[in-house]
Amino acid sequence: MKSRLISFFWGLVLVAAGAVFMLREAGMIDFDMFSASVWAGVFAVLASFFLLTYFLNGIEHWGWLFPALILGSISLMIFSSGSTLGQALSGAPIFISIAAPFIVAYALDSQNRRWALIPAWVMLVLTAVIFLEPRANENLIGAMVLFGIGLPFLAVYLMNKTRRWALIPFGVLSLVGLIPLMELFVPGRIFDILIIALLALPFYVVFFLAKKNWWALIPAGVFTSVLLILMVERLNLTIA
């Protein structure tokens, strides 16, 4: 009965939306005539419809939270546009509204939905970036984003040591995250040398952790050769 009521309700909503767009195409309605407050109200009403549907369906159907929260965030952003609050929030509500359903999904079944923490964490990191962007150095922000996205993969490995694959994205993101930090503290004449050394290091680690990973010596050797060439060139330039 409840599912039929929901289907009937959304059928009416779609019919009403179709009628509005037909009137617009006929030139009887001009969307430009509506103020920002009206559009904020429209999105707020739609958000409330989705939120009501979520609770009627049951909280385990957490997917309904995406349109409910995203539309609510759009309403808030339109309503606060041009104000001090709007400037402070920027696009943060959108990222938070995407993160929240994943957090709910994890809370409903923490044993089988640990994966939901990864997209939730990424969205929260991006939210932090929005708030820090006007106040922090862009290199630090770039490093924070890369480390922040890589951290959940380390957590995946620590929770289950058999998932060694998670160390690959963690290592790559952490390695790339060091680059903007190094730009702040490392002199330009040795910056590229350290970058090549960092690229070679993971392959040496892979080889020494398990000698059967002999293939890792190939890229490690390539990067080491490039590193030695750069060092010899720099040495010759210094002597000259």
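Checked against (1) exposed (fewer than 14 other Cβ atoms within 10 Å of the Cβ); (2) touching a residue at least 24 places away in the same chain (Cβ under 8 Å), LEU175 meets all criteria but (1).
Summed over segment 93-113, the residues that are open to solvent by 50 Å² or more (accessible area, probe 1.4 Å) and of a type in the set (Val, Ile, Thr) give a count of 2.
For the residues LEU140, LEU230, LEU235, LEU167, the requirement of being open to solvent by 50 Å² or more (accessible area, probe 1.4 Å), more than 22 Å from the chain's Cα centre (by Cα) and not polar (S, T, N, Q) singles out LEU235.
The residue that is modelled with the lowest pLDDT, among those in segment 207-221 that are open to solvent by less than 40 Å² (accessible area, probe 1.4 Å) and in a loop (DSSP other than H, G, I, E, B), is ALA210. Does LEU5 satisfy the criteria of being under 30 Å from TYR106 (Cα atoms) and either part of a helix (DSSP H, G or I) or open to solvent by less than 60 Å² (accessible area, probe 1.4 Å) (or both)? For LEU5, the condition - under 30 Å from TYR106 (Cα atoms) and either part of a helix (DSSP H, G or I) or open to solvent by less than 60 Å² (accessible area, probe 1.4 Å) (or both) - is met. Selection within segment 25-46: residues that are under 30 Å from GLY86 (Cα atoms) and open to solvent by 90 Å² or more (accessible area, probe 1.4 Å). The member of this set that is nearest to the chain's Cα centre (by Cα) is ASP32.
Residues ALA107, ALA128, ALA68, ALA88: which one is within 15 Å of the chain's Cα centre (by Cα), without any contact (Cβ under 8 Å) to a residue 60 or more places away in the chain, assigned to a helix (DSSP H, G or I) and closer than 30 Å to PRO152 by Cα? Among ALA107, ALA128, ALA68, ALA88, only ALA128 is within 15 Å of the chain's Cα centre (by Cα), without any contact (Cβ under 8 Å) to a residue 60 or more places away in the chain, assigned to a helix (DSSP H, G or I) and closer than 30 Å to PRO152 by Cα.
The values are calculated or read from the model by the stated rules, or taken from the named source; none is laboratory data. Just so it is clear, the structure is predicted and the values come from calculations on it, not from any experiment. So basically every Cβ, Gly included, is an ideal-geometry build from the backbone, and we count neighbours across all protein chains shown. Only protein heavy atoms, including side chains, enter the accessible area calculation; ligands, DNA and RNA are left aside. Shrake-Rupley method; radii C 1.70, N 1.55, O 1.52, S 1.80 Å.
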